[in-house]
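Here's the structure, in structure tokens; my notes come after.
The values are calculated or read from the model by the stated rules, or taken from the named source; none is laboratory data. All of these numbers come straight from a predicted model, not from anything done at the bench. Reconstructed Cβ throughout: ideal geometry from the backbone, glycine too, with neighbour counts over all protein chains shown. We work out accessible area using only protein heavy atoms, side chains counted, and drop any ligands, DNA or RNA first. Shrake-Rupley method; radii C 1.70, N 1.55, O 1.52, S 1.80 Å.
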Amino acid sequence: MRSSASDPSHAQPTQPTMKITRSISHALTCIVLALPALAAAPAWRDDAAREPQSAQAERLIAEGRAEEALELLATSVQAARAARNGSADSAQVLARELNNLALAQSAVGRFDQARESAHEALELMLSWADSSPGAAAARRTLAEVARAAGELDEAAVWIGEAIRDLETLYGKTPMIAQAREFAAQIDFELGQFDSAAEHFERALAIYERYLGHANERTAGPVAPLASIHARRGETARAIQLLRGAQQILTNAGKRGQPAWLATSLQLVDVLALAGRDQDAFAELQALESVVFDANEGDAAARTAKACAVAEGYLDLGRPIEAVRVHRRSLAVLARAEPSVPEQAQAWLLLARAALMAGESSSALEACDQVLAHFCSDGDIEREAQVRALLVRARIRFDRSELEACRADIRCALESALAMRDAPAALVLEALAALDTCDEFAAAASKQR
């Protein structure tokens, strides 16, 4: 019932493109999981030498509690200014606190203030040496601030200068590899895939040299690098890289964990892209076994992993398998006293898969579960209601129950518009469904 876009600039992606995009999404997940927060722990200060208040602020930033960190940093920056005595050490202490302050300000959206703090830290370090660990850390912080502010070109310049400083000081070490991963991520977001690939290749070479081919850290650049090879049509190389990363993570005891799962799902995508659907199907079956055989972790986390596997089945055009996985997920979830949003999401996914599998009765039952048990004024629950109503409307449309279909769509539209932050796509989907239903009803009336 969804209308297709008529604007040629927004043409629907082909299936291979969609699979590559999904692979890139998995790759970026792996980057985020692997990439350490270098700027939050500057290289020029040893952990044991930090003042407790400063260490606490850095911990709060790493935990996403930037507002709390700002309160501590206001005091520590003031104290560092007061303690300056013209020495390099006192300048380093102040620069470190300013870097942390910049990260906290950036985390709460105060980008102009964050830039001022990081620039002051950089100027302090440059007053003592053109290239120093402190200057590299300040440039890295400026890159993080620019990236958070959406200024990716600026971020690429700053991280490039930070890499130059670090290579001058330390050579090609794992610290440089980490910075290159960050630079690659920025290039990835800019769509500069050749440059990103070069950064990933260099990072991978450094990890292999210093940590070995089987080290868990070595797997970090592999998944995104594989996505770039897949984008170029070099699927054999991408598959080789992903199987290697999968084995490294398995050997490290990470089988079934998020990074391993993301790598494995990306492998499924690339196998399908290469036309090896049976291999992709076998890989998904193995993933399903790992997810449901694992006893560790809470039920909600296991259900989320299972849903990712089910989505893989749908992408392969196997909705019946997706329905089976969703039913298993609901059984696991039911034993764990899940929250309302978790239950609603699980039932919705089952409804979608069942509809694609042609099991309209099962899809209708799943929609009714959402609508009967998860009604509230919260946005999460409202969105679940809207999506369930639209699925149910589709079933009723297919059964030519046009009045009931229209009633569901109107109810979905009203609920979507009542949300505080309704996704625009959801509202547009409801409007398009209503138009389709009305057009079909008008045509049917003329025939009568």
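Values as computed for the structure displayed
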| item | result |
| --- | --- |
| Selection within the stretch 168-194 - under 24 Å from A252 (Cα atoms), open to solvent by 20 Å² or more (accessible area, probe 1.4 Å) and either in contact with a strand residue (DSSP E or B) (Cβ under 9 Å, 6 or more places away or on another chain) or of a type in the set (A, V, I, L, M) (or both) | M175 |
| Condition met for R335 (basic (K, R) and either open to solvent by less than 40 Å² (accessible area, probe 1.4 Å) or modelled with pLDDT of 85 or more (or both)) | no |
| Residue among R59, R96, R65, R45 that is at pLDDT below 50 and not polar (S, T, N, Q) | R45 |
| Leading residue by the ranking (most open to solvent (accessible area, probe 1.4 Å)) among those in the stretch 124-154 that are among the hydroxyl-bearing types (S, T, Y) and within 11 Å of A95 (Cβ to Cβ) | S127 |
| Test result for T263, open to solvent by less than 30 Å² (accessible area, probe 1.4 Å) and either in contact with a strand residue (DSSP E or B) (Cβ under 8 Å, 6 or more places away or on another chain) or modelled with pLDDT under 90 (or both) | no |
| Hey, A245 touching a residue at least 12 places away in the same chain (Cβ under 8 Å), open to solvent by 10 Å² or more (accessible area, probe 1.4 Å) and among the hydrophobic types (A, V, I, L, M, F, W, C) or not | no |
| The stretch 421-430: number of residues that are in contact with a Leu (Cβ under 7 Å, 6 or more places away or on another chain) and open to solvent by 30 Å² or more (accessible area, probe 1.4 Å) | 1 |
| Residues of the stretch 245-282 classified as of a type outside the set (S, T, N, Q) and either closer than 14 Å to V222 by Cβ or under 22 Å from the mean Cα position of the chain (by Cα) (or both), total | 20 |
| The stretch 195-229: number of residues that are over 19 Å from the mean Cα position of the chain (by Cα) and either hydroxyl-bearing (S, T, Y) or open to solvent by less than 30 Å² (accessible area, probe 1.4 Å) (or both) | 10 |
| Residue within the stretch 102-121 that is assigned to a loop (DSSP other than H, G, I, E, B) and of a type outside the set (D, E, K, R) present | yes |
| The lone exception for W128 - which of (1) closer than 18 Å to R96 by Cβ; (2) in a helix (DSSP H, G or I) it fails | (2) |
| Any chance A418 is small (G, A, S), loosely packed, with under 13 Cβ neighbours inside 10 Å, modelled with pLDDT under 85 and closer than 22 Å to Q369 by Cα | yes |
| Check on Q343, under 32 Å from the mean Cα position of the chain (by Cα), surrounded by 15 or more Cβ atoms within 10 Å (Cβ to Cβ), modelled with pLDDT under 80 and polar (S, T, N, Q) | yes |
| Residue match in the stretch 395-410 (condition: part of a helix (DSSP H, G or I), within 22 Å of H326 (Cα to Cα), at pLDDT 80 or above and among the small types (G, A, S)) | no |
